[in-house]
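For reference, the structure is listed below as structure tokens.
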Amino acid sequence: MRKLPIRIRSSTFVAAAVLVVSCWTPALAQETHTHGPGTGVQGLTLNAGQKWATDEHLRKAMGRIRDGMNPSIREIHQGRLATPKYAGLAKLADDEVAYMVANCKLEPKADAQLHVLIAAILEGADAMAGKIKQVTRQQGAVKVIGALENYGMYFDDPGWKPLAH
């Protein structure tokens, strides 16, 4: 299995440093797969068969990422989303991850699972921003979409609405 490095942007440097120091897990660097039936993020598990608890800050941030991605899903899948829109989605994802890291307070095991999703979101955001030349912006968006879908499968968010495909 190929492992991808995590790139930390200056806008999220402090938040990312807190993330790494507070709860490093080897799963952070694991690669995600494209979304779809039967796919998941490597390293994600349920909490003894149950979804992981969330807090208000996590639910807000993930909801804002979902709400930002949702209107563009059709254009993303059709390969027609304009570069400036990808850049806007990348900035949204970066900003919301920084908010999560600064404000979210989960128990350590749930936090470790969240870090797996955060790594996928940051990698996807970097690709959408054009910072990873080996990965298209579309592939980056698909990575973020996959992380959002996995959030709904692994985290208990009563208000979570699946993405519209």
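When only residues in segment 84-107 that are over 13 Å from the mean Cα position of the chain (by Cα) and closer than 17 Å to Ile145 by Cα count, which is surrounded by the most Cβ atoms within 10 Å (Cβ to Cβ)?
Tyr86
Does any residue of segment 91-108 turn out to be touching an Asp or Glu at 6+ places or on another chain (Cβ under 8 Å), of a type outside the set (D, E, K, R), assigned to a helix (DSSP H, G or I) and closer than 19 Å to Leu163 by Cβ?
No, because not a single residue in segment 91-108 is touching an Asp or Glu at 6+ places or on another chain (Cβ under 8 Å), of a type outside the set (D, E, K, R), assigned to a helix (DSSP H, G or I) and closer than 19 Å to Leu163 by Cβ.
Taking only segment 117-143 into account, find how many residues are surrounded by fewer than 23 Cβ atoms within 10 Å (Cβ to Cβ), in contact with a Phe, Trp or Tyr (Cβ under 9 Å, 6 or more places away or on another chain) and part of a helix (DSSP H, G or I).
Here the count works out to 1.
Out of Leu106, Leu89, Leu81, which single residue is closer than 23 Å to Thr45 by Cα and in contact with a helix residue (DSSP H, G or I) (Cβ under 7 Å, 6 or more places away or on another chain)?
Leu106
Considering only segment 128-136, I want to know if a residue exists there that is touching a helix residue (DSSP H, G or I) at 6+ places or on another chain (Cβ under 8 Å) and closer than 18 Å to His57 by Cβ.
no
May I ask you to verify whether Ala61 is farther than 19 Å from Pro158 by Cα, modelled with pLDDT of 95 or more, touching a helix residue (DSSP H, G or I) at 6+ places or on another chain (Cβ under 6 Å) and not polar (S, T, N, Q)?
Here the answer is no, as Ala61 does not meet what is asked.
The values are calculated or read from the model by the stated rules, or taken from the named source; none is laboratory data. Remember, predicted model here, so these are calculated numbers, not experimental data. Heads up, the Cβs are rebuilt from the backbone with ideal geometry, glycines too, and the neighbour counts pull from every protein chain shown.
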